[in-house]
Amino acid sequence: MAAQEQYEELARQLSAIGAVKRGLGRSLPQDCHPATAIMLALLKQDGDMRMGRLGELMAVDASVTSRHVAHAAERGWLDRRPDPLDRRSRLLSLTPSGEALLEEVSRRYTQALATALEDWSDDDVGHLIGLMKRLRNSFGDCRPRTPAATTRTPV
């Protein structure tokens, strides 16, 4: 097990990751907020979904989700259509324009990382990727659990 000082330094370094995220965020198209890019990536990865589910995946409340959805819909990056199973609800889906934006975001992020890490070896980058995956797996699913997800039915 690592020493207390190592955990303290790790905490400082993880706090500094915010600067890295902000730097990557500056590489996004001007009208694309980082949270909007995440939202669109979730729609691409998981397919059509209701706004409530999207908010759960992003771990943000309904008002924040609603603002990002409205912003993306105004720009044509996603569609909102009635849910065939519940006409009161809306299903969100990625549009071709949203997919094109995600391709642009991926290209820009990749270029920003390549530029920042140009003096790193392939092995160093691979090692970082492996350690970051391991760190994330150690924390598991950090999203808040809904009451239904934490309630167990007695056997």
Checklist entry - Does Ala149 fit the bill of being of a type outside the set (Asp, Glu), loosely packed, with under 12 Cβ neighbours inside 10 Å, on the phi > 0 side of the Ramachandran plot and modelled with pLDDT under 95? => result no
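Can you name every residue in region 34-85 that is touching a Gly at 6+ places or on another chain (Cβ under 6 Å), at pLDDT below 95 and under 19 Å from Arg107 (Cβ atoms)?
Across region 34-85, the qualifying residue is only Pro34.
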Checklist outcome for this item: The lone condition Ser15 fails out of (1) in contact with a helix residue (DSSP H, G or I) (Cβ under 9 Å, 6 or more places away or on another chain); (2) modelled with pLDDT of 90 or more; (3) of a type outside the set (Asp, Glu) is (1)
Item to check | Elements of type helices (runs of 4 or more DSSP H) contained in region 23-95, each with 2 or more residues being in contact (Cβ under 8 Å) with a residue 40 or more places away in the chain, surrounded by 14 or more Cβ atoms within 10 Å (Cβ to Cβ) and among the small types (Gly, Ala, Ser) | outcome: 34-46
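The values are calculated or read from the model by the stated rules, or taken from the named source; none is laboratory data. On a predicted model such as this, the values are computed, not experimentally measured, just so you know. Cβ: placed from backbone, ideal geometry, glycine included. Neighbour counts: every protein chain shown.
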